[in-house]
Every structure is written in C-alpha cells, then in structure tokens.
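Structure first, commentary second.
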Amino acid sequence: MGNREDLLAGARRCLEEKGYLRTTVRDIATASQVSMAAIGYHFGSREALLNQALFAAMDEWAAGSGRLTGQGESAEARYADTWDRKIRDFGDMRWLWLANVEAFVHAQSSPELLATLAEGQRRSRRMVAAQLRGVPEDAVAEEDVRALGSLHIALLTGVMVQSLTDPEQAPSGAELLQGLRSMVELLEKPTPTDR
C-alpha cells in the first residue's frame, strides 16, 4: 500500500478505537506509520481524511446490508430478517454507528460535512426505496423516495439510537414489523370525527 491507502487504513483503525471526535492527527499518523504532514498532502485535513474513511466504511456496510433476502419466504419475513441483521450490525459494528453520530454532531459546525451527509442521506433514501420496491434505483418513483425511503431511514436512525443506548431492549425485526402493522391499523381505524 502507498501512503494514501495507509492513511485511510490508519484512520479507520482510529475510528474503531477512538471515535470521530477524539481522533487526532498524531493518532492517525501513528496508526498508519506515516508522517503527520502526509495527511495534509493527501487529504488536506484530518477531517477530510476521517470523513473519507468513515464514508468508505459506510459504503462497505451498505453494500452488504439492507437487501431483502431469502427465497420462498414472505416479504414480511424477509423484512423482519433484514431488520434483525441491521440490529446485530449496530452491536457488532458499534464503532461505525457511534462515529456516524459524532460526525453528525460535528457537521453542525462544518457546512461542507453537513452537505456531504445530506447528500448521502438523499442517496440512501433512493437506495432503500428501490430495494423495498424491488426496482433499480433509476426506476424508483420520486414519491417512494420521499415517503418510503424517508420513513425507512427514520426507522433506521431511531432503531440505531435505541440499540446503542439500550442494546438489551432494542426491538427485534418481528417487533418492528408488528409496530408497522399496528400503526397502519390505527391510521385506518375511523375516529369519532371521521364519521
């Protein structure tokens, strides 16, 4: 590997061990066995390097998750299984989710990072809506991106925070599915003012 690749690998190790906000230039240089000056040369800043390492880890996770898998199973069973896998990932890859939360907090004072995170969120909405509909991303309806994709990303964020805060009480895929069913029932039930 060259210095650039060594720095990315070192930054990822630092994210895993120290998190986004506590990682210093010195930490990355030590982990990658590359000079501190190389960070500026290759990436411009510590933040740019950490962002690139974090986004690469997220892309790696996204490529292997979220697919509705299992042949012959019902759509509901596949959806619940997908959630169970994501919830396991929240525990198994705790560092990744904590680094994401830290990056979000830092982005509130970094317009460039905030714009990058917002763009990633827009892409995620489209990807999720396409996966749920079973269509290519370029064929998913904009209405599904805004509604279905946004709802799923909201669920993902909320379940992630619950899993990081209280892993023993995090919901299961079956419980999330039941919760969605219950919400639909509540929304379809007429209220006295609907009559």
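Some values worked out for this structure:
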| quantity | calculated |
| --- | --- |
| Residue match in the range 148-166 (condition: over 14 Å from the mean Cα position of the chain (by Cα) and more than 24 Å from Ala99 (Cα to Cα)) | yes |
| Odd one out for Asp59, checked against (1) within 22 Å of Gly173 (Cα to Cα); (2) of a type outside the set (Ser, Thr, Tyr); (3) at pLDDT below 95; (4) open to solvent by 60 Å² or more (accessible area, probe 1.4 Å) | (1) |
| Condition broken by Arg22, with the remaining ones in (1) without any contact (Cβ under 8 Å) to a residue 12 or more places away in the chain; (2) assigned to a helix (DSSP H, G or I) satisfied | (2) |
| Of the criteria (1) within 29 Å of Asn3 (Cβ to Cβ); (2) touching a residue at least 24 places away in the same chain (Cβ under 8 Å); (3) of a type outside the set (Gly, Ala, Ser), which one Asp84 fails | (1) |
| Residue, nearest to Phe55 (Cα to Cα), within the range 110-126, restricted to residues that are out of contact with any helix residue (DSSP H, G or I) (no Cβ under 6 Å at 6 or more places or on another chain) and open to solvent by 50 Å² or more (accessible area, probe 1.4 Å) | Thr116 |
| Residue under evaluation Arg94, criteria (1) open to solvent by 60 Å² or more (accessible area, probe 1.4 Å); (2) without any contact (Cβ under 8 Å) to a residue 40 or more places away in the chain, criterion not met | (2) |
| Of the criteria (1) touching a Pro at 6+ places or on another chain (Cβ under 7 Å); (2) surrounded by fewer than 12 Cβ atoms within 10 Å (Cβ to Cβ), which one Glu185 fails | (1) |
| Restricting the range 72-83 to residues that are loosely packed, with under 15 Cβ neighbours inside 10 Å and of a type in the set (Asp, Glu), the residue that is modelled with the highest pLDDT | Glu76 |
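Residues are listed down the side, and each one gets a yes or a no for (1) modelled with pLDDT of 95 or more; (2) among the aromatic types (Phe, Trp, Tyr); (3) touching a Lys or Arg at 6+ places or on another chain (Cβ under 7 Å); (4) open to solvent by 30 Å² or more (accessible area, probe 1.4 Å):
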{"position": "Met1", "(1), (2), (3), (4)": "no, no, no, yes"}
{"position": "Lys18", "(1), (2), (3), (4)": "yes, no, no, yes"}
{"position": "Thr23", "(1), (2), (3), (4)": "yes, no, no, no"}
{"position": "Ala53", "(1), (2), (3), (4)": "yes, no, yes, no"}
{"position": "Gly70", "(1), (2), (3), (4)": "no, no, yes, yes"}
{"position": "Gln108", "(1), (2), (3), (4)": "yes, no, no, yes"}
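The values are calculated or read from the model by the stated rules, or taken from the named source; none is laboratory data. A quick note: this is a predicted structure, and the numbers were derived from the prediction, not measured. Note that each Cβ is placed from the backbone with ideal geometry, even for glycine, and that neighbours are counted across all protein chains shown. In case anyone asks, the SASA skips ligands and DNA or RNA and just uses the protein heavy atoms, side chains included. Shrake-Rupley method; radii C 1.70, N 1.55, O 1.52, S 1.80 Å.
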